[in-house]
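Just so it is clear, none of the values below were taken in a lab; they were calculated from the coordinates. Predicted, not measured: the structure shown is a model, and the values here were computed from it. Glycine gets a Cβ as well: all are built from the backbone with ideal geometry, and neighbour counts include every protein chain shown.
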Amino acid sequence: MSFLTGLPKAELHVHIEGTLEPEMMFDIGRRNGVELGYASPDEIRAAYEFNSLQDFLDIYYLGAAVLQHEQDFFDLAYGYFERAAADGVRRSEIFFDPQTHTDRGIPIGVVISGLAGAAERASSELDMSCDLILCFLRHLPANAAMETLESALDHRESFIGVGLDSSEVGFPPRLFTDVFARARSEGLRVVAHAGEEGPPEYVHQALDLLGAERIDHGVRSLEDPGLVERLVADQIPLTVCPLSNVKLAVVESMSDHPLATMIDAGLLVTINSDDPAYFGGYVGKNYEAVANALALDDSVMARLAKNSISASFLDDISKTSLLSEIDAYVAS
Ligand code: ADE
Ligand code: ZN
């Protein structure tokens, strides 16, 4: 096993619907009688050419339509947890998009029970702990997000936090201020996508108006020196997704990725996969890709893994224990 694969790490930015591999999409689609319009998994994979976030989202929401039953959601999530465990992931906080399913008539309880069941099984059978973060689709109105939150609260014990995803530009965080206040009043943890395609101002809004404890992506923060200073001073974690950034043309190529600049600036950056079934690799491949393209040595990569543990929503005792495991792994 390579150094990077064996390195204990947390994955903090992965959309569970984005782990739906073409083979599983094809099989579950057939089992549920959903016509995808593709003759084979290879044909599905061949359609994965994106020029922007929206290009990708259009295909991603179509693929998710094969998911209908609790077992489908369980199979999807458990398959991801197994692949993550094989990549050295010891803590996984997965995003799910209930509105993608409830808008097709799937009850939110079916979605949450399937995913939470898989997280529970993985936490007991794999060498990792797992939790769920519910994301609101920001291209839909804030009142739909509020209704989603209220119905999800019937399953409050099954998820630990809320996030904000989907089409970014034109859908600023400030639109969701009330929903996030309601979520915080329930003791939910808060994250938000910002600064992927959207401007640094959206990162400020996510922090000031939503109470975000981590920023998902955040790469465009570099355009605002005052914002960088703030993120460094407060050690706000950024969940960066390198292969995603290349595939969605947020950066031109991996060697142009600003990750090294972000590390040098003192930002608390972590490496994640976003939608690995669509972007060419799980978290281990993302670690490898940046290490190779940016010539980051083992000590920098170990620092990134430690950042992922510190930035997680684990309790302090579990963090301390995983951080010492990383030190022991590096020393051996
Ligand atoms: N949903 C799934 N992947 C996403 C991304 N990279 N940005 C915003 N929403 C998403
Ligand atoms: Zn994302």
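Which whole-angstrom value gives the distance between the alpha carbon centres of region 246-321 and region 129-180? Centre-to-centre (Cα) distance: 25 Å. Each other residue within a Cβ distance under 12 Å of L294 adds +1 if Lys or Arg and -1 if Asp or Glu, for a net charge of -4.
When +1 charges are put on Lys and Arg Cβ atoms and -1 charges on Asp and Glu Cβ atoms, the dipole computed for the chain relative to its Cα centre reaches about 400 debye.
Here is the size of region 3-331 from its Cα atoms: Rg then Dmax, 18.4, 53 Å. With 5 Å bins beginning at zero, the pair-distance distribution over Cα atoms of region 241-332 amounts to 3, 14, 22, 24, 19, 12, 6, 1, 0 %. Taking amide H atoms as placed 1.01 Å from N in the peptide plane, the amide H of A194 lies under 5 Å from those of D216, G218, each 5 or more residues away in sequence or on another chain. 3J(HN,Hα) along region 311-317, derived from phi through the Karplus expression 6.51 cos²θ - 1.76 cosθ + 1.60 where θ = phi - 60°, amounts to 7, 6, 9, 5, 6, 4, 5 Hz, with x in place of Gly and Pro.
Please give me the summed charge of the neighbours of E157: other residues whose Cβ is under 15 Å from its Cβ, Lys and Arg +1, Asp and Glu -1. Each step should come with its number before you reach the end.
Numbers: positive: R156, R189; negative: E120, D131, D154, E186.
Net of charged neighbours comes to -2.
Taking Lys and Arg as +1 and Asp and Glu as -1, the other residues whose beta-carbon sits under 12 Å from that of D55 total -2.
In this structure, the amide hydrogen of F136, modeled 1.01 Å from its nitrogen in the peptide plane, lies closer than 5 angstrom to those of G163, L164, D165, counting only residues at least 5 positions away or on a different chain. Quick note on region 87-225: its Rg to Rh ratio, both from C-alpha atoms and Rh being the Kirkwood radius, is 0.98.
With θ taken as phi - 60° and the Karplus curve 6.51 cos²θ - 1.76 cosθ + 1.60 applied, the whole-hertz 3J(HN,Hα) list for region 209-218 is 9, 9, x, 4, 8, 9, 10, 8, 6, x Hz, x standing for glycine and proline.
The HN-Hα couplings worked out from phi for region 27-38 by the Karplus form 6.51 cos²θ - 1.76 cosθ + 1.60 (θ = phi - 60°) are 5, 5, x, 5, 4, 9, x, 9, 7, 8, x, 10 Hz, whole numbers, x standing for Gly and Pro.
Scan around A212 for amide H atoms under 5 Å from its own, H built in the peptide plane at 1.01 Å from N, and keep only partners 5 or more places away or cross-chain. Here the answer is L207, since their amide H atoms fall under 5 Å of that of A212. Computed over region 1-81, the P(r) curve from all C-alpha pair distances, binned at 10 Å from the origin, holds 16, 44, 28, 12, 0 percent per bin.
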